[in-house]
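The values are calculated or read from the model by the stated rules, or taken from the named source; none is laboratory data. Source: prediction; values computed, not measured. Heads up, the Cβs are rebuilt from the backbone with ideal geometry, glycines too, and the neighbour counts pull from every protein chain shown. When the accessible area is computed, the model is the full protein with side chains, heavy atoms only, and any ligands, DNA or RNA have been set aside. Shrake-Rupley method; radii C 1.70, N 1.55, O 1.52, S 1.80 Å.
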Amino acid sequence: MDQNDSVNISRRGFIAATAGTAAAITAPLQATAQAATRVEATAAVNVEVNGKPHRLQLDTRTTLLDALREHLHLTGTKKGCDQGQCGACTVLVNGRRINACLSLAVMHEGDRITTIEGLGTPAKLHPMQQAFIKHDGYQCGYCTPGQICSAVAVLTEIDSGVPSHVSADLSARPLLSNDELRERMSGNICRCGAYPNIIAAITEVAGGKA
Amino acid sequence: MKSFTYERAASPAEAVQALRRTPGARFIAGGTNLLDLMKLEIEAPLHLVDVNGIGLDRIEPTLDGGLRIGALVRNSDLAADPRVRRDYAVLSRALLAGASGQLRNKASTAGNLLQRTRCPYFYDTAQPCNKRQPGSGCGALQGFNRPHAVIGASEACIATHPSDMAVAMRVLDASVETVRPNGTERTIPIADFYRLPGRTPHVDTNLEQGELITAVTLPRPVGGVQAYHKVRDRASYAFALISVATIVQPDGSGRVAVGGIAHMPWRVAAADAALPDGAGAAAARLLAGAQPTAQNAFKLPLVERTLATLLSDARKVAS
């Protein structure tokens, strides 16, 4: 996706929509879609990333993940599968964890985004970062920023009493058990298989026995 | 991804009008399914109308003692709502069995209902698929069809509906509230919301083009022991091979709906009526007319055995 420095919605190129996918899928729209033109557009979005406000003018196709990595050069957030299956791109949006690859940047007007770079610094690590190091919660490290962002959000969710698939009682306070943490972290894949150490790190930060 | 123009709507009326006036436009809410499909160019809208700013993000009591769930309530918030956990436990359980924590934070109630099948032939643009490209054929019929439908399928399509939430909505007799492109509102019972594939598998629901879901309403609580059991290839974060939702009353009467076996959440009145006679009787009625393939015939006994487990659990809770 190339850079685009135009203002507001720009009409750089007019590409006639073909009778391809769009027309075939949205059958009732077929006639109109064929007649319409496909426009390469940009749009502006204001976001706060790790405490700093940014105004970005982006190709509308830019995902939040690509905006962070390619436009703000915050490469801590990783691109794994780019389709919401691996969790390497997990960031916090207004305190809640999401997959940054499955969100358009322009949909985040006014949002407060925290990436791994905003959780801690090499000089002052977040307790979860410190615990991952202590417990050796990674091997290659590629999934680690997503694991850590996800883990921070998991503890917030447990604190707020949000139940999970393995909670025996929907109305009781969720436990800080191995089963609970594994279920809640299931959206973050680690192909090196550091799971036991990841769970140990999260358990320690949560105040349980490591 | 194909290029598209983008706008943010400020109200449901504005969103519906924006879609109506722009050719090739689509609504986008959570986007967790639409964006995935856009990256593969299975969906290629010319214009996106972002509905995240139109309100509809609250869960409110209705006058008749039920709940009205705004279309944009996120799956995680719906599952955690104290009223849902207490009175509609089957819905919380179904939501928590679906996707991952990250996806549930983003996915909306309406978007969950409208998610497309996870049939691998639908996703693979090198393969024929009547749902993706009408008339191109079905790769699954003679191909890999272990996760596919065992009932209600057609010669054009044997895809299943992937939603867990929709199975709970079906067993709870939910209704879908919408605004049509002409501005009028209507309420569609969940039983009439989805379609069987027939010869038009590319049409998943009975919504009109450009119709916007505004809410899903639940009738007043029916009590009973409510459960949702999902059987899948992994313990977490996988789509269902089959799933069973039950509401069982102390006298043994109840309701059952099944996911992962058809193009829609599957519920049969005669099966509900047969629940007091046990899982075998109810499953026989649920699955009457089933035409499984050699690869997915295992789903028939799996439905019966899962139902038997849930009925047995319900008896234990009741006693």
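Just a few scattered comments:
- The sole residue among B:THR205, B:THR200, B:THR187, B:THR178 that is surrounded by fewer than 20 Cβ atoms within 10 Å (Cβ to Cβ), in contact with a Lys or Arg (Cβ under 8 Å, 6 or more places away or on another chain) and either closer than 29 Å to B:TYR237 by Cβ or among the β-branched types (Val, Ile, Thr) (or both) is B:THR205.
- Members of the stretch B:134-168 found to be polar (S, T, N, Q), open to solvent by 10 Å² or more (accessible area, probe 1.4 Å) and within 16 Å of B:LEU241 (Cβ to Cβ), listed by number: B:THR160
- Enumeration of residues in the stretch A:62-103 that are under 11 Å from A:CYS149 (Cα atoms), open to solvent by less than 50 Å² (accessible area, probe 1.4 Å), in contact (Cβ under 8 Å) with a residue 40 or more places away in the chain and within 8 Å of chain B (Cβ to nearest Cβ): A:GLY87, A:THR90, A:ARG97, A:ASN99
- Of all the criteria given as (1) open to solvent by less than 30 Å² (accessible area, probe 1.4 Å); (2) assigned to a helix (DSSP H, G or I), the one not satisfied by A:GLU157 is (1).
- Strands (runs of 3 or more DSSP E) contained in the stretch A:64-119 and holding at least 2 residues assigned by TED's automatic domain parsing to the domain that holds A:TYR138 and not β-branched (Val, Ile, Thr): none
- Test: residue in the stretch A:32-53 that is facing another protein chain (nearest Cβ under 9 Å), open to solvent by less than 20 Å² (accessible area, probe 1.4 Å) and at pLDDT below 50: yes
- Residue in the stretch B:285-304 that is nearest to B:MET264 (Cα to Cα), counting only those that are in a helix (DSSP H, G or I) and open to solvent by less than 60 Å² (accessible area, probe 1.4 Å): B:LEU286
- Of all residues making up the stretch A:186-210, the number that are open to solvent by less than 20 Å² (accessible area, probe 1.4 Å), more than 21 Å from B:TYR228 (Cα to Cα) and within 11 Å of another protein chain (Cβ to nearest Cβ): 1
- One residue from B:VAL51, B:VAL84 being crowded, with 19+ Cβ neighbours inside 10 Å and within 30 Å of A:ALA41 (Cα to Cα): B:VAL51
- Of all the residues in the stretch A:167-185, those that are under 24 Å from the mean Cα position of the chain (by Cα), open to solvent by less than 50 Å² (accessible area, probe 1.4 Å) and more than 15 Å from A:GLY146 (Cβ to Cβ) number 3.
- Number of the condition not met by B:THR5 [criteria: (1) free of Cβ contacts under 8 Å to residues at least 60 places away in the same chain; (2) open to solvent by 40 Å² or more (accessible area, probe 1.4 Å); (3) at the interface with chain A (Cβ under 7 Å from one of its Cβ atoms)]: (2)
- Among the residues of the stretch B:8-56, those identified as more than 7 Å from chain A (Cβ to nearest Cβ), assigned to a loop (DSSP other than H, G, I, E, B) and either in contact with a Pro (Cβ under 8 Å, 6 or more places away or on another chain) or among the hydrophobic types (A, V, I, L, M, F, W, C) (or both) are B:ALA9, B:ALA10, B:ALA29, B:LEU40, B:VAL51, B:ILE54, B:GLY55, B:LEU56.
- In the stretch B:80-105, residue nearest to B:ARG58 (Cα to Cα) [restricted to those that are at the interface with chain A (Cβ under 7 Å from one of its Cβ atoms) and not polar (S, T, N, Q)]: B:ALA80
- Scanning the stretch B:116-132 for residues that are part of a loop (DSSP other than H, G, I, E, B) and either in contact (Cβ under 8 Å) with a residue 40 or more places away in the chain or surrounded by fewer than 16 Cβ atoms within 10 Å (Cβ to Cβ) (or both) gives B:ARG116, B:THR117, B:ARG118, B:CYS119, B:ASP124, B:THR125, B:ALA126, B:ASN130, B:LYS131, B:ARG132.
- Among the residues examined, B:LEU113 does not qualify as at pLDDT 95 or above, touching a Ser or Thr at 6+ places or on another chain (Cβ under 6 Å) and closer than 30 Å to B:VAL222 by Cα.
- Options A:THR115, A:THR121: the member that is open to solvent by less than 70 Å² (accessible area, probe 1.4 Å) and at pLDDT below 95: A:THR121
- Residue match in the stretch B:68-76 (condition: assigned to a loop (DSSP other than H, G, I, E, B), open to solvent by 30 Å² or more (accessible area, probe 1.4 Å) and either farther than 22 Å from A:ALA43 by Cα or more than 12 Å from chain A (Cβ to nearest Cβ) (or both)): no
- Per-region count, the stretch A:129-143, residues crowded, with 24+ Cβ neighbours inside 10 Å and in a helix (DSSP H, G or I): 1
- Residue match in the stretch B:305-315 (condition: among the basic types (Lys, Arg) and either under 16 Å from B:ARG170 (Cβ atoms) or surrounded by fewer than 21 Cβ atoms within 10 Å (Cβ to Cβ) (or both)): yes
- Some residue of the stretch A:175-187 being modelled with pLDDT under 95 and not polar (S, T, N, Q): yes
- Residues located in the stretch B:159-178, provided they are in a loop (DSSP other than H, G, I, E, B) and under 12 Å from the mean Cα position of the chain (by Cα): B:THR160, B:HIS161, B:PRO162, B:SER163, B:ASP164, B:ALA174
- Answer from B:ARG255, B:ARG186 - the residue that is of a type outside the set (Asp, Glu), in a strand (DSSP E or B) and free of Cβ contacts under 8 Å to residues at least 60 places away in the same chain: B:ARG186
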